[in-house]
Each structure stands twice: as C-alpha cells, then as structure tokens.
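Written below as structure tokens is the structure these notes are about.
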Amino acid sequence: MSVVADRRTGAGSSMIPVVFCLLLCLQEASMFKVIVAPDNLLIVSLEDSDVTPSASVYVVKITGESKNYFFQFEEFNNSLPSPLVFNASYHGLYYIVTLMVIHSNLASRPARSVTVLTKPLPVSKVFVHDYKPSPETGVVFKVQYPEKFNVFTRVNISYWEGKNFRTMLYKDFFKGKTVFNHWLPGTCYSNITFQLVSEVSFNKSTLVESSGIGHVPQQHRTEFFAAQ
C-alpha cells in the first residue's frame with residue numbers, strides 16, 4: 001500500500017521542517033528509484049542498496065515548484081517501506097528528487113539526486129486557415145491547450161504533404177498562435193497534428209517529454225497565389 005505524500009499538508013508521511021532539513025547530514029544515495037506515473041504522480045522507492053545499518057531516517061526532498069517539499073519514509077525493519085507518492089502540480093516541468101540518509105553520527109556527504117520530467121498536457125483544439133495578408137503561402141496555426149500548470153518549450157507539428165509524411169519542431173508560438181510559411185501553394189495537407197514538447201538539459205544529458213494527441217487531426221488545402 002503506497003503512502004501518498006500530500007503536497008499541502010504532508011498527510012501520509014512525516015513532513016520535515018525546512019530549518020531542520022538544512023541541518024541534516026547527507027549520504028550519497030545511488031539506487032533509489034523515481035518513476036513518473038500517469039496523472040502526474042512521482043513515485044519514489046527505496047532499494048535494498050539504499051539501506052545502511054547506521055541510518056535512522058530516510059528523507060526525500062522534492063524541488064521544482066515554487067517551494068521545496070520534504071517527506072520521510074515510514075520506519076521499517078526487515079522489509080522496505082512503502083513508496084512515497086507525490087502529486088506534482090506542473091505538467092511538462094522537471095523535478096529534482098533527492099534521497100537524504102540521516103545517520104546517528106551526523107557524518108556528512110553530498111547527496112545524489114534524480115531529475116525527472118513530467119509530460120505536458122495535450123492540445124485540445126486546433127484552427128488552421130490561410131494567412132491573407134501574406135503575398136506568399138502563409139498558414140495560421142492556432143492551438144488551444146490547458147495553460148495553467150502546463151509547461152512546454154516547442155511544438156511538434158506532423159502532417160502528410162500529399163503522399164509524403166513530414167514532421168517539424170517549432171518554437172515560435174506566441175499565445176498558442178503562429179504563422180507557418182513552409183507549406184506549398186495549392187497542396188493538400190492531411191492528418192495535421194500537434195504535440196507540446198518539454199525539454200530540459202542537465203549534467204550533459206537531455207530529457208524530452210511529448211504530450212499525447214488530444215485534438216481531432218486537421219485537413220487543409222493551401223490556396224494558390226497569383227504571380228506578382
């Protein structure tokens with residue numbers, strides 16, 4: 001049975017005051033697991049290799065939002081404690097999860113952390129139409145998506161250009177709208193889909209998460225334009 005770490009009250013686990021946590025002594029924790037589950041849950045589990053004879057308390061620190069959260073695993077003897085389950089508020093945001101092992105002798109070592117990235121929420125509606133002021137072939141993309149607590153850096157646009165499949169990462173969306181100048185005049189475009197993409201780099205590694213496809217794929221035929 002999992003212990004749910006409530007982000008507001010700390011119910012289901014022992015909340016460690018921030019001032020006290022600043023005084024905690026840390027030991028490197030190398031094998032604890034952090035899984036991003038559906039519904040934006042972070043599941044943090046201890047492994048056998050994390051358990052040391054002299055340790056008395058195992059604390060998890062979660063950073064990424066406007067405040068840090070501290071939760072303590074339940075006390076245990078022969079079997080490992082139930083996982084902590086943290087309900088993350090933000091979709092498409094990276095979280096740093098640190099396991100802190102507190103020893104009775106207060107010997108201090110830097111703790112290792114795990115960085116995870118939650119999945120952005122998908123686009124819900126799409127509007128595609130020609131951009132009339134453009135002397136060339138311009139297409140307006142306007143997308144609607146949950147804006148609160150939803151983070152993304154780019155938009156992945158995929159479509160069929162006649163019989164050819166194309167995909168492109170685009171980052172110049174302003175308030176969910178952009179003018180796209182890459183389409184050919186008088187061409188039929190089908191199965192036009194959009195995915196919000198969140199990306200973060202750390203320690204020379206990159207994490208990427210893409211939203212699902214929550215909207216109805218669009219069809220559009222660009223207008224011919226007359227030679228000037």
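Say we look at region 181-198 and pick out the residues that are modelled with pLDDT under 95 and of a type outside the set (A, V, I, L, M); which of these is surrounded by the most Cβ atoms within 10 Å (Cβ to Cβ)? Selected residue: Trp183. Among the residues of region 38-49, those that are open to solvent by less than 20 Å² (accessible area, probe 1.4 Å) and modelled with pLDDT of 90 or more comprise Asn40, Leu42, Val44.
Counting only strands (runs of 3 or more DSSP E) that sit wholly inside region 166-225, those with at least 1 residues that are touching a residue at least 12 places away in the same chain (Cβ under 8 Å) and within 15 Å of the chain's Cα centre (by Cα) are 188-202, 205-210. Under the condition of being surrounded by fewer than 18 Cβ atoms within 10 Å (Cβ to Cβ) and farther than 12 Å from Lys177 by Cα, the residues counted in region 132-149 number 9. In region 13-35, of all residues being open to solvent by 60 Å² or more (accessible area, probe 1.4 Å) and at pLDDT 70 or above, the one that is farthest from the chain's Cα centre (by Cα) corresponds to Lys33. Checked across region 50-72, the condition of being outside any helix (DSSP H, G or I), surrounded by 13 or more Cβ atoms within 10 Å (Cβ to Cβ) and on the phi > 0 side of the Ramachandran plot holds for at least one residue.
Would you mind finding the one in Val155, Val143, Val128 that is over 21 Å from the mean Cα position of the chain (by Cα) and in contact (Cβ under 8 Å) with a residue 12 or more places away in the chain?
Working: Val155 fails: over 21 Å from the mean Cα position of the chain (by Cα); Val143 fails: over 21 Å from the mean Cα position of the chain (by Cα).
Only one candidate qualifies: Val128.
Scanning region 39-85 for residues that are farther than 13 Å from Thr98 by Cβ and under 19 Å from the mean Cα position of the chain (by Cα) turns up Asp39, Asn40, Leu41, Ile43, Glu65, Ser66, Lys67, Val85. Of the residues examined, Thr178 is not one that is loosely packed, with under 11 Cβ neighbours inside 10 Å, β-branched (Val, Ile, Thr) and under 21 Å from Val123 (Cα atoms).
The values are calculated or read from the model by the stated rules, or taken from the named source; none is laboratory data. None of these values were measured; they are calculated from a predicted model. Cβ coordinates were reconstructed from backbone atoms using ideal geometry, including for glycine residues, and neighbour counts include every protein chain displayed. The protein model used for the area step is the full one, side chains on, heavy atoms only, and it has no ligands, DNA or RNA in it. Shrake-Rupley method; radii C 1.70, N 1.55, O 1.52, S 1.80 Å.
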